[in-house]
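The values are calculated or read from the model by the stated rules, or taken from the named source; none is laboratory data. Remember, it's a predicted structure, so these values are computed and weren't measured experimentally. Backbone-built Cβ (ideal geometry, glycine too); neighbour counts: all protein chains shown.
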Amino acid sequence: GGATTFNVTGLTASTGYAFTVFARDAAGNVSMVSNTENVNTQAGGDTEAPNAVSDLSSSNTSTTSTDLSWSNPGDNVGVTDYEVFQDGGSLGLTGGATTFNVTGLTASTGYAFTVFARDAAGNVSMVSNTENVNTQAGGGVVDYTSANSNMNTVDWTARDLFADRNVGIGTTNTQGYRLAVAGNVIAEGVKVELQGNWPDFVFLKEYNLMGLEEVRQFIDKNGHLPNIPSTKNVEANGIDLGVMNAKLLQKIEELTLYILLQQSEIEFLKKDTKALRSYEERLQKIETQLNPKK
């Protein structure tokens with residue numbers, strides 16, 4: 001434009017450049033090349049940190065979340081990102097956004113939030129103002145979301161819960177079972193539907209009840225009742241609640257049969273004892289008649 005000065009920008013730090021000038025007149029004639037001016041830019045680059053955020057604020061605070069927002073505080077080159085902190089712990093970077101949605105909070109709880117600004121050179125600003133947030137009081141029910149499903153600070157309540165695959169409580173290894181619980185279970189009632197026969201077959205006439213002497217020999221040899229799993233087996237494989245109840249009922253029914261058999265023998269022995277006493281009384285009368293007292 002006819003000026004004899006020119007400001008060159010966009011150069012790289014610690015780099016050498018060679019500059020020349022050509023003069024032109026109105027007719028388009030161009031001069032010979034000027035002298036060459038060699039320039040070396042200074043070392044360093046951007047070492048200035050962004051300004052600190054001073055207007056961090058919150059809105060839309062609920063029982064489990066809040067929205068944070070602030071303004072770009074400015075930088076000598078430019079702010080490229082922000083890092084959000086909750087009670088001194090980093091929640092992550094915003095990707096340059098000046099808003100951040102915080103989730104997974106606990107109802108009726110106070111939190112302190114701060115923000116740091118960053119530039120492309122990695123310079124970090126001073127800490128922002130502290131925004132204190134108190135979440136709303138909860139009614140005991142927190143909506144289930146994919147974000148809070150596995151958080152140890154959130155207890156959520158659902159009316160109905162359906163799982164297509166397996167469920168583990170206190171464990172991630174369900175061992176192929178539909179429900180696996182690492183701990184104790186309490187319930188008002190448990191219903192088990194068996195696919196096998198209920199052991200009333202013990203009372204059928206054709207049932208072969210093992211003799212008591214045979215049972216005694218089995219116990220002496222194996223250390224447990226017939227058709228009942230051993231300690232070693234239970235420790236290795238556990239027990240099926242429905243199957244085990246059926247086995248225990250079978251033993252109770254067999255025990256009932258043993259008691260009834262013993263009662264029959266007792267009644268038979270009582271009759272024999274009564275008959276023997278009758279014979280004894282008759283013998284005593286005969287002896288008295290044969291040997292009358294003097």
**OP:** Could you tell me which of the residues 107, 97, 52, 112 is closer than 26 Å to residue 133 by Cβ and either assigned to a strand (DSSP E or B) or polar (S, T, N, Q) (or both)?
**Re:** 112
Original post:
From the list 281, 287, 253, which one is among the charged types (D, E, K, R), part of a helix (DSSP H, G or I) and modelled with pLDDT of 85 or more?
Top reply: 253
**OP:** Would you be able to tell me the number of residues in segment 15-47 that are in contact with a strand residue (DSSP E or B) (Cβ under 8 Å, 6 or more places away or on another chain) and of a type outside the set (A, V, I, L, M, F, W, C)?
**Re:** 12
Original post:
In segment 87-100, which residues are surrounded by 15 or more Cβ atoms within 10 Å (Cβ to Cβ) and either within 27 Å of the chain's Cα centre (by Cα) or not hydroxyl-bearing (Ser, Thr, Tyr) (or both)?
Top reply: 91, 93, 100
**OP:** Would you mention how many residues in segment 101-123 are crowded, with 16+ Cβ neighbours inside 10 Å, among the polar types (S, T, N, Q) and at pLDDT 95 or above?
**Re:** 1
Subject >> Answer from 261, 290, 255 - the residue that is loosely packed, with under 10 Cβ neighbours inside 10 Å and not polar (S, T, N, Q) >> reply: 290
**OP:** Would you mind stating whether residue 247 is modelled with pLDDT of 85 or more, more than 30 Å from residue 177 (Cα to Cα) and part of a helix (DSSP H, G or I)?
**Re:** no
Original post:
If you go through segment 1-22 one residue at a time, how many are loosely packed, with under 10 Cβ neighbours inside 10 Å, more than 60 Å from the chain's Cα centre (by Cα) and of a type in the set (Ser, Thr, Tyr)?
Top reply: 3
**OP:** Name every residue in segment 34-49 that is of a type outside the set (Ser, Thr, Tyr), surrounded by 10 or more Cβ atoms within 10 Å (Cβ to Cβ) and part of a loop (DSSP other than H, G, I, E, B), in order of residue number.
**Re:** 45, 46, 48, 49
Original post:
Pairs under 9 Å by beta carbon, first residue loosely packed, with under 10 Cβ neighbours inside 10 Å in segment 164-185, partner hydroxyl-bearing (Ser, Thr, Tyr), six or more apart or different chains?
Top reply: 165/174; 183/171
Original post:
Pairs, please: C-beta under 8 Å, at least 6 apart or cross-chain, first residue in a loop (DSSP other than H, G, I, E, B) and in segment 207-227, second surrounded by 12 or more Cβ atoms within 10 Å (Cβ to Cβ) and of a type in the set (D, E, K, R)?
Top reply: 209/254; 210/254; 225/251; 227/247; 227/251
Original post:
Looking at this structure, is residue 165 part of a loop (DSSP other than H, G, I, E, B), basic (Lys, Arg), modelled with pLDDT of 75 or more and within 32 Å of the chain's Cα centre (by Cα)?
Top reply: yes
